[in-house]
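Engineer: My questions all concern the structure below.
The values are calculated or read from the model by the stated rules, or taken from the named source; none is laboratory data. Owing to the predicted nature of the structure, the values given are computational and were not obtained by experimental measurement. Positions of Cβ are backbone-derived with ideal geometry, glycine not excepted, and every protein chain shown enters the neighbour counts. Calculation scope for accessible area: heavy atoms of the full protein, side chains included, ligands and nucleic acids excluded. Shrake-Rupley method; radii C 1.70, N 1.55, O 1.52, S 1.80 Å.
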Amino acid sequence: MDSDTQLPLSGVTLTINPGATQLLSDGHGYFRFSQLCKGVRYTVTATSVGFDSLVTEVLLKNDETLTLALHHGHIRLHDVNVIGHQQPVVTANAVRTVSREQVAQVQGKTLADIFSNLPGVSMLQTGTTIAKPVINGMHSNRILILNNGIRQEGQQWGSEHAPEIDPFVAKDFKLIKGAEGVRYGADAIGGVIITSPAPLPIDPHVSGELNTIYQTNGQGGVLSGMLQSGVKGIPGLSWRVQGTAKRSGNVRTANYYLGNTGLAEYNGSAAVRYSHTRSVFDAYYSRFYTSLGIFTGAHVGTIDDIQARVEAGKPFETYPFSYAIAAPRQRVVHDLGKLKWHRDYTNGGSSDIQYGIQRNHRQEYDIRRGGRGALPMLDMVLTTQTLDANYQTPLYDNNWRTQVGTNLTMQVNNNVPGTLNTPLIPNYDSFTGGLFAIQRLIREAYEWEMGIRYDFKTFDAAGFDKYQHLYGGQRDFHNVSGSFGGVWRPDKTWQLRSNIGLAWRAPSANELYSNGLHHGAALYEIGDAGLGSEHGYKWVVSPSFTRDRVTIDLDLYAQYIQDYIYAQPSPGEFLQTIRGTFPVFRYKQTDATFFGADLSLQYKLIDGLDYHLNASVIRARDVTNDVYLPYIPSDRFDHRLRWQPPIESKVTSNTYVSFAHQWVLEQNRYEPGTDYAPPPPAYHIFSLYAGSQFALGNHPLEAGISVNNLFNTRYKEYMNRFRYYSHGLGREIGIRLSYSF
């Protein structure tokens with residue numbers, strides 16, 4: 001073991017004399033010399049890179065157990081840049097990772113912006129300030145987000161309810177596109193997003209980083225800092241604290257400002273880890289706070305006015321730049337706490353027990369009369385508790401491995417009284433329990449995986465509608481999920497993954513019971529209490545090829561969703577209230593199919609010059625009525641040329657320039673007359689990125705600049721719910737500095 005941290009050391013070379021027998025310690029630090037002679041004095045030598053050699057003599061009288069503690073040696077290793085590694089996420093589905101450079105280019109933006117760098121991922125937007133990730137046409141409750149190992153549970157059912165996650169907390173961003181209902185539970189129909197922080201340090205010296213960002217569009221600034229260290233007096237104990245502050249004002253399209261689109265965000269987190277022999281204890285807490293404005297032009301007075309604005313496609317008013325955040329606006333506070341215990345066993349197995357608690361407080365404000373502007377129109381508190389436990393066996397019987405586990409979730413949603421408004425969704429209690437088992441066969445050239453899971457959910461709701469009629473009641477849902485897949489590696493250049501998965505989800509509270517104005521989305525939503533569960537069957541085939549100058553990753557998928565739930569625009573139907581006139585969306589259920597392909601290609605043209613291509617194509621239909629589904633992302637292609645000059649010095653390194661082009665096609669696969677406005681035309685967006693790393697003493701300073709929408713193109717995105725009234729974001733220049741110490 002490591003004498004400082006008391007953690008086990010693997011790969012240590014051990015030699016015993018006489019006999020000169022040599023072996024390596026295993027993944028848990030254990031070694032075993034057998035068939036030795038009683039009464040003989042043996043010399044055991046342990047050596048490992050970075051540690052002083054240790055020599056121990058043993059006079060063997062009986063079986064002996066040795067604990068060898070190695071001390072760190074005085075060896076200084078040069079900096080190492082990791083350019084690729086085997087994915088640590090275990091699944092038969094392909095796992096796609098957002099590169100560190102791609103993350104840096106959109107730092108200061110949302111989680112959806114980060115994952116939109118991957119093929120097959122787009123964004124569902126509400127104006128220019130709110131964005132949610134969309135995976136192969138799926139979003140919201142059909143995507144499961146793991147935030148530091150905890151299922152993110154907020155009011156994610158809303159189209160304008162963005163994930164309450166500070167991207168600066170995480171260092172690792174991964175995406176699984178398959179239906180992962182067995183491993184992760186209900187709601188993973190469309191895929192899984194995984195955000196993970198960097199491992200806590202064992203070095204007892206304080207280290208950290210400081211990030212500063214300035215963005216011209218909205219004149220926004222971001223400041224994020226982090227400190228971390230091991231504890232010198234307590235081996236195995238380490239800590240980290242982190243915080244982020246963000247502020248921006250009204251953003252601008254190509255030629256006009258969007259009123260009331262400012263943003264204020266303040267986040268913080270703290271983590272502690274204690275490692276002792278074969279056990280690891282983790283504690284984590286984070287708070288996410290945001291206050292953001294909703295575009296004023298989306299709240300319109302009369303039916304004639306809203307129809308005129310939809311026809312014009314842009315605001316009639318002229319807005320100045322301002323940092324003020326007025327109604328309509330949102331205020332969200334999300335607290336997350338986590339306790340985890342991990343245990344490694346001497347036989348090579350391991351177990352995990354994890355408890356999580358989250359409290360999501362969402363308030364939405366609208367323009368009110370009579371001096372009541374300080375009262376929210378929507379005020380909800382959702383408390384979620386989760387308990388996860390699993391055990392993974394060691395490899396046995398020719399590389400078989402089994403994992404079994406359980407997941408328990410309890411949720412309580414309460415509408416805070418005093419809003420003087422009928423709540424959009426009722427109060428409810430929900431309990432979900434699941435059991436799963438996964439069997440894996442692991443060989444050098446291939447792997448197979450099969451899993452099965454059973455979930456039960458009870459949902460008890462109670463509320464009063466605008467006529468003071470009681471509604472709600474108890475609904476019970478249960479389902480069996482399954483998956484079967486494998487990985488085949490015929491040689492070092494090819495890899496083929498294939499997986500068939502069955503996942504499901506119960507309808508959410510808004511889909512069942514909403515019947516009111518959703519202020520943040522500027523929509524009037526009408527649910528259906530008779531909706532049943534969705535059942536999704538997804539087949540993903542992912543061939544990969546890597547050789548010399550070229551790398552190709554392809555994801556082909558086909559998905560059938562029985563009883564697919566979606567919000568259908570009701571053309572010509574508007575609801576007029578004292579706060580304005582709003583489009584009406586009704587929740588419906590049908591059977592649907594999704595087919596598509598996502599391509600990622602990298603080709604080295606010459607040394608230092610690379611070409612990157614991401615392409616996504618998706619086809620989705622309502623097979624019950626033989627029509628197209630609404631709000632499905634259109635086909636898109638992203639090209640990028642990246643040049644890294646072969647210039648290295650003691651002062652600068654990793655210098656690059658990247659020129660990007662995004663081509664988004666018009667969504668022609670829609671039903672005429674089923675929306676308030678037809679899909680917008682295709683558009684082209686060009687961007688420019690550059691960065692370099694400078695040495696300030698012994699510490700690196702990274703500097704970067706980005707220019708998004710380089711030519712200030714005027715465009716509309718079909719997946720933007722406010723495209724009826726406004727255009728997309730204009731030119732934005734971002735300047736980034738990141739200092740590590």
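Engineer: With the Cα gyration tensor of the range 106-161 giving a ≥ b ≥ c as the square roots of its eigenvalues, does the rule (a/c under 1.5 for rounded; else a/b larger than b/c for prolate; else oblate) give rounded, prolate or oblate?
Structural biologist: On the way: a/c = 1.27, a/b = 1.18, b/c = 1.08.
Note, shape of the range 106-161 comes out rounded.
Engineer: Here's another thing I want to ask about it. Once the principal axes of the Cα atoms of the range 528-648 are found, what is the range along each, listed largest first in whole angstroms?
Structural biologist: The Cα atoms of the range 528-648 stretch 64, 38, 23 Å along their principal axes.
Engineer: Now a separate question. Using Cα positions and a limit of under 13 Å, work out the aspartates and glutamates in reach of Lys340, with same-chain residues fewer than 8 apart set aside.
Structural biologist: Straight-line reach from Lys340, under 13 Å: Asp282, Asp352, Asp388.
Engineer: Taking the range 103-241, how much of its Cα-Cα pair set, in percent, is spaced more than 28 angstrom apart?
Structural biologist: Details: 2653 of 9591 pairs.
Percent of Cα pairs beyond 28 Å in the range 103-241: 28.
Engineer: Let me ask something additional. Can you tell me how much longer the chain between Gln307 and Tyr446 gets when fully stretched, taken as 0.36 nm per residue apart minus their C-alpha distance, in nm with one decimal?
Structural biologist: Details: separation 139, 0.36 × 139 = 50.04 nm, distance 5.87 nm.
In short, 44.2 nm is gained.
Engineer: Would you be so kind as to identify which of Asn421, Gly405, Thr383 lies farthest towards the positive end of the dipole of the range 350-421, taking Lys and Arg as +1 and Asp and Glu as -1 on Cβ and the Cα centre as origin?
Structural biologist: Asn421
Engineer: How much of the accessible area of the range 195-333, probe 1.4 Å, is carbon plus sulfur, in whole percent?
Structural biologist: On the way: 3620 of 5950 Å².
Using a 1.4 Å probe with all protein chains present, the range 195-333 comes out at 61 percent carbon and sulfur.
Engineer: Which log10 I(q)/I(0) values does the chain give at q = 0.05 Å⁻¹ under the Debye formula, counting every alpha carbon as one identical point scatterer?
Structural biologist: -0.28
Engineer: Shape of the range 318-431 from its Cα gyration tensor (a ≥ b ≥ c, root eigenvalues): rounded if a/c is under 1.5, otherwise prolate when a/b > b/c, or oblate?
Structural biologist: Judged from the Cα gyration tensor, the range 318-431 comes out prolate (a/c at least 1.5, a/b above b/c).
Engineer: Using Cα pairs closer than 8 Å and at least 6 residues apart in sequence, work out the relative contact order for the range 256-336, in percent.
Structural biologist: 43
Engineer: Using Cα-only point scatterers and the Debye equation, what is log10 of I(q)/I(0) for the range 449-547 at each q in 0.10, 0.16, 0.18 Å⁻¹, rounded to two decimals?
Structural biologist: One equal scatterer on each Cα of the range 449-547 leads to -0.50, -0.81, -0.90.
Engineer: Which percent of Cα pairs goes in each bin when the distances of the range 197-279 are cut into 10 angstrom slices starting at zero?
Structural biologist: Bin by bin from 0 Å, the calculated values are 16, 33, 21, 16, 10, 4, 0.
Engineer: Relative contact order for the chain: what is it in percent, counting Cα pairs under 8 Å that are at least 6 residues apart?
Structural biologist: On the way: 2051 pairs, mean separation 77.1, N = 741.
Computed over the chain, the figure is 10 percent.
Engineer: How much length is gained on full extension from His276 to Tyr560, taking 0.36 nm per residue of separation minus their Cα-Cα distance?
Structural biologist: Values: separation 284, 0.36 × 284 = 102.24 nm, distance 4.74 nm.
Result for the pair: 97.5 nm of gain on full extension.
Engineer: Can you tell me the 0 to 90 degree angle between the C-alpha axis of helix 303-312 and the longest principal axis of the chain, rounded to 10?
Structural biologist: The answer is roughly 60 degrees.
Engineer: Which peptide among 661-671, 51-61 comes first, and what is the full order, when sorted by highest mean count of other Cβ atoms within 10 Å? Write down the numbers at each step before the final one.
Structural biologist: Details: 661-671: 16.3, 51-61: 12.9.
Averaged packing, sorted descending, gives the order 661-671, 51-61.
Engineer: Give the cross-link partners of Lys38 among the lysines, using a straight C-alpha distance below 17 Å as the criterion and excluding same-chain residues fewer than 8 apart.
Structural biologist: Lys61
Engineer: Would you please state the base-10 log of I(q)/I(0) at q = 0.13 1/Å for the range 523-575, with intensities from the Debye formula using one equal scatterer on every alpha carbon?
Structural biologist: So the normalised log intensities are -0.62.
Engineer: Once both labels are modelled 7 Å past Cα along the beta-carbon direction, what's the Asp352-Ile733 spacing in nm?
Structural biologist: If labels sit at Asp352 and Ile733, their model points lie 4.5 nm apart.
Engineer: Counting only C-alpha contacts under 8 Å and six or more residues apart, can you give the relative contact order of the range 619-724 as a whole percent?
Structural biologist: 24
Engineer: Antiparallel DSSP bridges in the chain: what percent, to the nearest 5? Could you put the intermediate results ahead of the total?
Structural biologist: Values: 312 of 322 bridges.
The antiparallel proportion sits near 95 percent.
Engineer: Right, here's the next one. I need the fraction of alpha carbon pairs in the range 431-488 separated by more than 18 Å, rounded to a whole percent.
Structural biologist: Numbers: 963 of 1653 pairs.
Value for the range 431-488 (Cα pairs over 18 Å): 58 percent.
Engineer: Ok, one more. Return the calculated 222 nm mean residue ellipticity for the chain, to the nearest 500 deg cm²/dmol, obtained by summing -39500 (n - 2.57) across DSSP H runs with n ≥ 4 and dividing by the residue count.
Structural biologist: Working: 5 runs with 30 residues, N = 741.
Helix contribution divided over all residues of the chain: -1000 deg cm²/dmol.
Engineer: Please give the peptides 582-591, 643-652 ranked by average Cβ packing (other Cβ atoms within 10 Å per residue), highest first, as a rough proxy for protection. List each step's numbers first, then the result.
Structural biologist: Working: 582-591: 19.1, 643-652: 10.5.
Ranked from most to least packed, the peptides come out as 582-591, 643-652.
Engineer: Using packing as a proxy for protection, rank 475-483, 497-505 so that the peptide with the highest average count of other Cβ atoms within 10 Å comes first.
Structural biologist: Details: 475-483: 18.2, 497-505: 23.8.
Final packing ranking: 497-505, 475-483.
Engineer: Quick check on the range 581-667: take the gyration tensor over C-alpha atoms, sort the square-rooted eigenvalues as a ≥ b ≥ c, and tell me if it's rounded (a/c under 1.5), prolate or oblate. The partial results should precede the final answer.
Structural biologist: On the way: a/c = 4.42, a/b = 2.73, b/c = 1.62.
Prolate.
Engineer: Please work out the Kirkwood hydrodynamic radius for the range 638-741, using every pair of different C-alpha atoms, and report it in angstroms with one decimal place. Intermediate results must be reported in sequence, preceding the final value.
Structural biologist: Numbers: mean 1/r = 0.0606 Å⁻¹.
It is 16.5 Å.
Engineer: Continuing with this model, one more query. Expressed as a fraction of 2.2 N^0.38 Å, the rule-of-thumb size for a compact globular protein of N residues, what is the C-alpha radius of gyration of the range 227-356?
Structural biologist: Numbers: Rg = 24.3 Å, N = 130, 2.2 N^0.38 = 14.0 Å.
Output field value: 1.74.
Engineer: Just the number please: accessible area per residue for the range 243-370, 1.4 Å probe, all protein chains included, in Å². Could you put the intermediate results ahead of the total?
Structural biologist: On the way: 5330 Å² over 128 residues.
So the range 243-370 comes to 42 Å² accessible per residue, rounded to a whole number.
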